[in-house]
1. What is the distance, in nm, between label points placed 7 Å from the Cα along the Cα-to-Cβ direction at Ala191 and at Leu13?
2. Relative contact order of region 104-217, please, whole-number percent, based on alpha carbon pairs below 8 angstrom and at least 6 residues apart.
3. Jot down the radius of gyration and Dmax of region 20-145, Cα atoms only, both in angstrom.
4. Which angle between 0 and 90 degrees, to the nearest 10, do you get for helix 307-328 versus the longest principal axis of the chain when only C-alpha atoms count?
5. Keeping every protein chain in place, order Glu212, Glu466, Glu403 by accessible area at 1.4 Å, biggest value first, i.e. largest first.
6. Output needed: percent of Cα pairs per 5 Å distance bin for region 25-91, bins running from 0 to the one holding the longest distance.
7. Compute the angle between helix 331-362 and the longest alpha-carbon principal axis of the chain, please, reported from 0 to 90 degrees and rounded to the nearest 10.
8. Given points 7 Å out from each Cα along the Cα-Cβ axis, report the Glu212 to Ala39 separation in nanometres with one decimal.
Amino acid sequence: MVPVPCPLLQAVLSPLLASALAILTGRRLGPRTGWLVGALLVYQTALLAYLTYSLWLGKEPLVEHYAWVFLPLMGLDLIGDGLSLPVATIMSFICTCLAFYSIRYMELRVKELYGEGSPSYYVLYYALYPFFPMGLVGITLSTNLIMIWLFMELLLIPSYFIITYFGYMERRRTAVMCFLWGTVASTFFMAGAFLAYSQIGSFDISALPALEGKTWALLASTLMALGLMIKMGAFGFHVWLPWVEGEPPTHVGAILACYANIGAYVMARVLVLAVPEVFEPLSLPLMIWALITMVYGAALTLAQDDVKRLCACSTISQVAYSLLGVASMVPTAVAGGIFYMVSHLLGKAVLFSTAGLLVYETHERDIRRMGGLGRFLPLTAVLWASGSMILSAIPPFSGFPAEVVMFSGIFRSAVQHGVRLATAICGVMATALTAAYTFWPLKRIFMGRPGGCHGQMSHEGGRPEEAPSSMLVPLFVLALASAVLGICPKIIMELLLAAL
């Protein structure tokens, strides 16, 4: 293998180059800036894929440390192991694909909001967008609690401004909601981190096992878990999520689903693996909380007639499956939960962005005004069906082996525990709701008579036409990636189980 200098640091910081070039060239290139940004993000994805492949071949995990001269407690400590690298690679891959998808989408959105001749808005969007892959990869690779918090806060910056300038209904209110709820979640997490520091004198995850037996260990873990539950939009903390994911540009909603899901990863890394005995009292309550969230999120999704809100609400239910696996603390189930998270991110990117295709093609969000679109938009229909199959765990996509691994681990450990067993059984039964809220819209949108039973759809140029290939191809690539992981799950499972 060819050695790469400071590969993890490069993976985290390389999107800054894309942001800088967008600032320098955006006014001249306009919407074409997206091709430049996407090409530069390909480097981050390729580098992470290379590191993941090297690890899969048997190379030792990577560890990098970069000290801050004036703040030694805030060293940038990075790890590339079987847990972090697959998750970072998939998140970067999604952001890269959606960067290309967004080129035509944002061109239309800018024209709708600001008219022709608005190059400054392309500069703003493409300068902010690279902070998404930077923040997500930074959280995934970091092993210092302060740096995890810092990258969480970093993600709020592009989210706030992109929603404010390019969102849909009540976009400024939604941007404030995103910022406030994200800050509250990060504050709870950081309060727990500071409490842990008061007990062990370090913010490094590798030092957390020393927390066992300390006076405030359980409270510190509870505060961090609570912050992550807010970030995941668990039941009781879910009110922000339908707005924050439903009102940005649709591909940004898919990226914000990554932001919500990463809470499950951080919980696994920081709490389940580092302090299992401290976390153990929280295990069963969080599993029950996850089950409640699954069912409530599914019911909320089924009630939606707005195609974007439907995708946003489904995140509430889907994140809960990963939470169920991680909270069980069973190594196989935790690995399955992280695998399911990765699968959900791919499926949600496809489904959410397909909703964006519908908005682009029909200028409509209301499902009641759709119907029979499959005859006009067959590729869009195939993409919606693919996203539905991924989320519903239907072979050959990745959701199927992820659910099998996760639930097999949970059941194996729950046979001697009545409440855990009942939770696991109800969790399996709840999976049927996923098929309901993904395939029922498939029927309503793409089958039947045009306009359905609620009236005729109106299209500005007559009947709708398929979106450009620059929007369709990235989504088929994401669906193909899910199929590859579904057919060969050992690609990711070997790495995850080795890390656990």
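1. Output for this residue pair reads 3.4 nm.
2. 21
3. Computed over the Cα atoms of region 20-145, radius of gyration and Dmax are 17.4, 54 Å.
4. The angle comes out near 20 degrees.
5. Glu212, Glu466, Glu403
6. For region 25-91, the pair-distance distribution reads 3, 15, 17, 14, 13, 13, 13, 9, 3, 0.
7. On a 0 to 90 degree scale, this one is about 20.
8. The two pseudo-label positions are separated by 5.3 nm.
The values are calculated or read from the model by the stated rules, or taken from the named source; none is laboratory data. Given the structure is predicted, the values throughout are model-derived calculations rather than measurements. Every residue, glycine as well, gets a Cβ built from its backbone with ideal geometry; the counts of neighbours run over all protein chains shown. All accessible areas refer to the heavy atoms of the entire protein, side chains included, with ligands and DNA or RNA removed. Shrake-Rupley method; radii C 1.70, N 1.55, O 1.52, S 1.80 Å.
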